[in-house]
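What follows is a set of notes on a single structure, which appears directly below.
The values are calculated or read from the model by the stated rules, or taken from the named source; none is laboratory data. All of these numbers come straight from a predicted model, not from anything done at the bench. A quick note on method: Cβ atoms are made from the backbone with ideal geometry, for glycine too, and the neighbour counts reach across all protein chains shown. Side chains included, ligands, DNA and RNA excluded: accessible areas come from the protein's heavy atoms. Shrake-Rupley method; radii C 1.70, N 1.55, O 1.52, S 1.80 Å.
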Amino acid sequence: TRSKDLLRTITKAEQENNLAFLDSMLTAKQQELDPLMINFEESLEVGEVPTLIHKRQKIENSFSRSYIMANLNKNGDFYLSSRYVGKQRIHHTGIKVYDKSLSAETETIEEDSLLNRSFSDEDWHWEIINYKSNRDNGVADFIAQHAEESLKVEFKGTQRHFIVMEQYDKEAIRDAYEISFILRETAK
């Protein structure tokens, strides 16, 4: 029985040490997360599940522009979406992000009317493609790694459309991408 008591004491001490370590790790991760979260707010504007949206990428701020959006929820699930707006349909199915000789390109995703859709209002057309399940093919990582560069985007479809990424869009993607890793780590 003495050996069982000693084993119980050791086990309890190990558990207390592990708990203290985990608490300190959570505190450290929260300190990493706090400055990144400054520009994000919780929203229901993209669906029924609350998402974290960068303040500059909110729908009301971005309704009439083409851009790449960071999509993130509180569990750390992250994906990109390309959002085209124009006077004509281009039927885009993917994007290429590049600067000089460096580039990354998404998989081709066909419009399916549910997640990947288009709609029109008189003279204007909107097209939204979501790159879920890593179908961005490394584009998010590329943008995060090159956020200080002058990145361009080619919307690829039956016609092509080109934009230069706004600095705040690059920062939104970089920060959301980083936040996703921290949220997934703390959820474990």
Ranked by how many other beta carbons lie within 10 Å on average, peptides 76-86, 175-185, 115-125 from highest:
76-86, 175-185, 115-125
Extension gain Glu110-Ile182, at 0.36 nm per residue separation less the Cα-Cα distance, in nm?
22.8 nm
Which order, highest average first, do 53-62, 35-44 follow once you tally other Cβ atoms within 10 Å for each residue and take the mean per peptide?
53-62, 35-44
Here the relative contact order (percent) of region 119-188, from C-alpha pairs under 8 Å and at least 6 apart, is 27 percent
Pairs to check: Lys55/Lys156; Lys132/Lys170; Lys58/Lys100. Give those whose C-alpha atoms are more than 25 Å from each other in this structure.
Lys55/Lys156; Lys58/Lys100
I'd like the accessible area for Leu114: 1.4 Å probe, protein heavy atoms, all chains in place, Å² to the nearest 10.
130 Å²
Potential lengthening between Gln159 and Lys100 on full extension [0.36 nm per residue; Cα-Cα distance subtracted]
19.1 nm
Between Lys87 and Ser133, the two model label points (7 Å from Cα along the beta-carbon direction) sit apart by a distance in nm of 3.9 nm
Which of the following values of volume of the Cα convex hull per residue in Å³ was calculated from the structure shown: [x] 154; [y] 129; [z] 142?
[x]
Once both axes come from the Cα atoms, what is the angle between helix 167-187 and the longest principal axis of the chain, in degrees from 0 to 90, rounded to 10?
30 degrees
Give me the angle, in degrees from 0 to 90, between the Cα long axis of helix 2-37 and the longest principal axis of the Cα atoms of the chain, rounded to the nearest 10.
30 degrees
